[in-house]
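In what follows, a single structure is set out as C-alpha cells and then discussed.
The values are calculated or read from the model by the stated rules, or taken from the named source; none is laboratory data. Just so it is clear, the model here is predicted, and its values are computed rather than measured. Cβ placement follows ideal geometry from the backbone for every residue including glycine, while neighbour counts extend to all protein chains displayed.
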Amino acid sequence: MFQITGIDHVQLAAPEQCEEEARKFYGSILGMTEIEKPENLKKRGGVWFQCGSHQLHIGVQEDHVPARKAHPALCVQNVLALREHLQQCGIETIDDQPLEGAIRFYVNDPFGNRIEFLEWLNRKE
C-alpha cells in the first residue's frame, strides 16, 4: 500500500540562457530564495527556488513553448500588496474568474508561463 503525501516541487520550462532573468523575476521581484542544484544536474541549466515548504524549478527546454493554461498557483499572504508590488515593477497583473473565498490574479513570467497568486480568506494554509 502506498500514499501520496504532497508535492515536492513544480517545474516550469524556460528557454536556454534563462537563468539571470529567472533570478531577477523569481528571486529579486518575488523574493524567493535560490537553492543550489545538485552537481550532476547543473549542466542542464536552469535554476531552483524555495517556495514555502516546496520548491519551484525553472528548467531549460529546447524549443521552449510557454505553459499558458497549466500553471502553479502560489499561496500568498497579503496578495493585494504583491499585486501592487508587481505593478510597480512594470509587470501586468491579470484578473481571473472569481473564486469564492479567495482573492486571486495571475501574471506571465518572463518566459510566458502563467503563474497564479492567491490568498484564501478565513482559511488556514
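On the basis of being part of a strand (DSSP E or B) and acidic (Asp, Glu), does GLU84 make the cut?
It is false that GLU84 is part of a strand (DSSP E or B) and acidic (Asp, Glu).
Looking only at residues in the range 15-36 that are closer than 16 Å to ILE115 by Cβ, touching a residue at least 24 places away in the same chain (Cβ under 8 Å) and more than 12 Å from the chain's Cα centre (by Cα), which one is surrounded by the fewest Cβ atoms within 10 Å (Cβ to Cβ)?
Among those that are closer than 16 Å to ILE115 by Cβ, touching a residue at least 24 places away in the same chain (Cβ under 8 Å) and more than 12 Å from the chain's Cα centre (by Cα), it is LYS24.
Select from the range 37-58 the residues that are part of a loop (DSSP other than H, G, I, E, B) and in contact (Cβ under 8 Å) with a residue 12 or more places away in the chain and write down the one among them that is nearest to ALA73 (Cα to Cα).
Going through the qualifying residues, I end up with GLY52.
Of (1) among the aliphatic types (A, V, I, L, M); (2) assigned to a loop (DSSP other than H, G, I, E, B); (3) at pLDDT 95 or above, VAL65 satisfies all except one. Which?
Answer for VAL65: the failing condition is (3).
Considering only residues of the range 37-56 that are within 13 Å of the chain's Cα centre (by Cα) and not small (Gly, Ala, Ser), which is farthest from GLU20 (Cα to Cα)?
HIS54
Taking VAL65 as the residue in question, decide whether it is loosely packed, with under 15 Cβ neighbours inside 10 Å, more than 22 Å from LEU86 (Cβ to Cβ), in contact (Cβ under 8 Å) with a residue 12 or more places away in the chain and hydrophobic (A, V, I, L, M, F, W, C).
Numbers: loosely packed, with under 15 Cβ neighbours inside 10 Å: yes; more than 22 Å from LEU86 (Cβ to Cβ): yes; in contact (Cβ under 8 Å) with a residue 12 or more places away in the chain: yes; hydrophobic (A, V, I, L, M, F, W, C): yes.
Yes, satisfied.
Restricting attention to the range 3-21, report how many residues are in a loop (DSSP other than H, G, I, E, B) and of a type in the set (A, V, I, L, M). Reasoning before the result, please.
Here is the first cut: in the range 3-21, the residues in a loop (DSSP other than H, G, I, E, B) are 3-8, 15-18.
Checking which are of a type in the set (A, V, I, L, M) leaves us with 4, 7.
Of the residues in that region, 2 qualify.
Looking at ASN78 and the list (1) touching a residue at least 40 places away in the same chain (Cβ under 8 Å); (2) on the phi > 0 side of the Ramachandran plot; (3) surrounded by 14 or more Cβ atoms within 10 Å (Cβ to Cβ), which single condition is not satisfied?
(3)
Among the residues that make up the range 105-112, is at least one of them closer than 26 Å to GLY6 by Cβ and loosely packed, with under 15 Cβ neighbours inside 10 Å?
no
What residue, of ILE115, ILE91, is in a loop (DSSP other than H, G, I, E, B), modelled with pLDDT of 95 or more and either out of contact with any Asp or Glu (no Cβ under 7 Å at 6 or more places or on another chain) or not hydroxyl-bearing (Ser, Thr, Tyr) (or both)?
Checking each option against the conditions leaves just ILE91.
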